[in-house]
Amino acid sequence: GAASKGEYRHYMLKEIFEQPKVIEAALEGRLSASSVLVESFGPEAQALFQKARQVHIIACGTSYHAGLVARYWLERYAGVPVQVEVASEYRYRHPVVPEGTLFVTLSQSGETADTLAALRFAKTLNYVGSLAICNVPGSSLVRESDMSLMTRAGPEIGVASTKAFTTQLIALMLLTLSVSKAKGQPAQPEIIGALQALPALCQQVLGLDRQIEVLSQAFAEKHHALFLGRGAHYPIALEGALKLKEISYIHAEAYPAGELKHGPLALVDSEMPVISVAPNDDLLEKLKSNLQEVRARGGQLFVFADQKVGINSQDDIHVLELPNVHEALAPLLYTLPLQLLSYHVAVLKGTDVDQPRNLAKSVTVE
Ligand code: AGP
């Protein structure tokens, strides 16, 4: 059935490998040849998105990380200011809601207690409307929101969220393009083309599985790890660190690479592996100099890099090359090797990958 492990050793691995297929499903019927279909978000979406002068995004855990990526996208590709916050903080603040603000929740389950409470609280405030991006049709979050978009990831059994995250990112890119279109901004056909090409690129990246498994040996005995990223890849670093923490119980932290010398550089030595994602974007040169700072302190670097960026493997730097991708979609592609890395480290450590200690799949109590 849909929720059996089949040939895979764990649900998590199966769900990682399902990503090309579910990303395709998340796009199905929501694009025309050169643009997004705004009505995918419902009949009232066009009018609401046109009115949206800013967006507040609320979620927990991995879903919160998807929201952080969306901030970069909505600002850059739709010109709309965005605030992103974890639900447990938002619901107890006294948020000031400027006129014309759209409220967006992100959730795999649609039943996370804090996210649901945040939505109920938001309904007492001055928002123009609410949108739930969710994987479970008929869930509380979907029923109680004005609009919803299903992520179509299918059942996710592993406690560590994988395909739910990447399909949320697809939904959020569709939201970005829809808000831009509703506001009458020029279409962005290159991003549409890149979205259509993405499942095949993801498949290619999953082909790195063996190499990542080899790489994972360097982590099994470590107690700490540091993840670095810049721009929209800072949230991807956060997500990579969360995955490693959840299933391998290795303490991991993520930093925007530019913050390194403001503190965490003091932690770097040969016992602290540093993982970085280096897509080919305009922050690459900045990132490269941050990586030099790590090497100069004897740090062991593991870099997932665009094949064209010219970072080569040496004694203290292990590079795995990823295919070139439109920079808007790089956060999606670079998530995959980080998922595989944490998976293989956890398997080496012998933890319960699908059911890590102390955690529940969905947190339905506060
Ligand atoms: C991620 O791997 C988690 N186990 C967790 O952070 C999860 O993303 C969070 O609890 C939010 O759940 P939701 O998406 O179902 O609301």
- Here the residues within the range 195-248 that are crowded, with 23+ Cβ neighbours inside 10 Å, of a type in the set (Asp, Glu) and not in a helix (DSSP H, G or I) are none
- Note on the structure: All-but-one check, residue 111 against (1) of a type outside the set (Lys, Arg); (2) crowded, with 22+ Cβ neighbours inside 10 Å; (3) part of a loop (DSSP other than H, G, I, E, B); (4) touching a residue at least 40 places away in the same chain (Cβ under 8 Å), failing number (2)
- Task: Return the only residue of 107, 40 being polar (S, T, N, Q), within 14 Å of the ligand (Cβ to nearest atom) and at pLDDT 95 or above.
- Result: 107
- Item | Enumeration of residues in the range 126-166 that are within 21 Å of residue 331 (Cβ to Cβ), more than 13 Å from the ligand (Cβ to nearest atom) and either in contact with a Gly (Cβ under 9 Å, 6 or more places away or on another chain) or in a helix (DSSP H, G or I) (or both) | 131, 149
- Task: Report, by residue number, each residue of the range 39-63 that is aliphatic (A, V, I, L, M), surrounded by 17 or more Cβ atoms within 10 Å (Cβ to Cβ) and assigned to a helix (DSSP H, G or I).
- Result: 45, 48
- Message: For the range 250-353, give me every one of the strands (runs of 3 or more DSSP E) that falls completely inside it and has 2 or more residues that are of a type in the set (Phe, Trp, Tyr).
- Response: 300-306
- Query: Out of the range 79-103, which residues are assigned to a helix (DSSP H, G or I) and out of contact with any strand residue (DSSP E or B) (no Cβ under 7 Å at 6 or more places or on another chain)?
  - Reply: 88, 89
- Task: Quickly run through the range 89-103 and pick out the residues that are of a type in the set (S, T, N, Q) and surrounded by fewer than 18 Cβ atoms within 10 Å (Cβ to Cβ).
- Result: none
- Task: Answer with yes or no whether residue 76 is assigned to a loop (DSSP other than H, G, I, E, B) and not polar (S, T, N, Q).
- Result: no
- Query: Just wondering, is there one or more residues in the range 313-330 that are modelled with pLDDT under 90, under 29 Å from residue 170 (Cα atoms) and crowded, with 17+ Cβ neighbours inside 10 Å?
  - Reply: no
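The values are calculated or read from the model by the stated rules, or taken from the named source; none is laboratory data. Being a predicted model, the structure only gives us computed values, none of them experimental. So basically every Cβ, Gly included, is an ideal-geometry build from the backbone, and we count neighbours across all protein chains shown.
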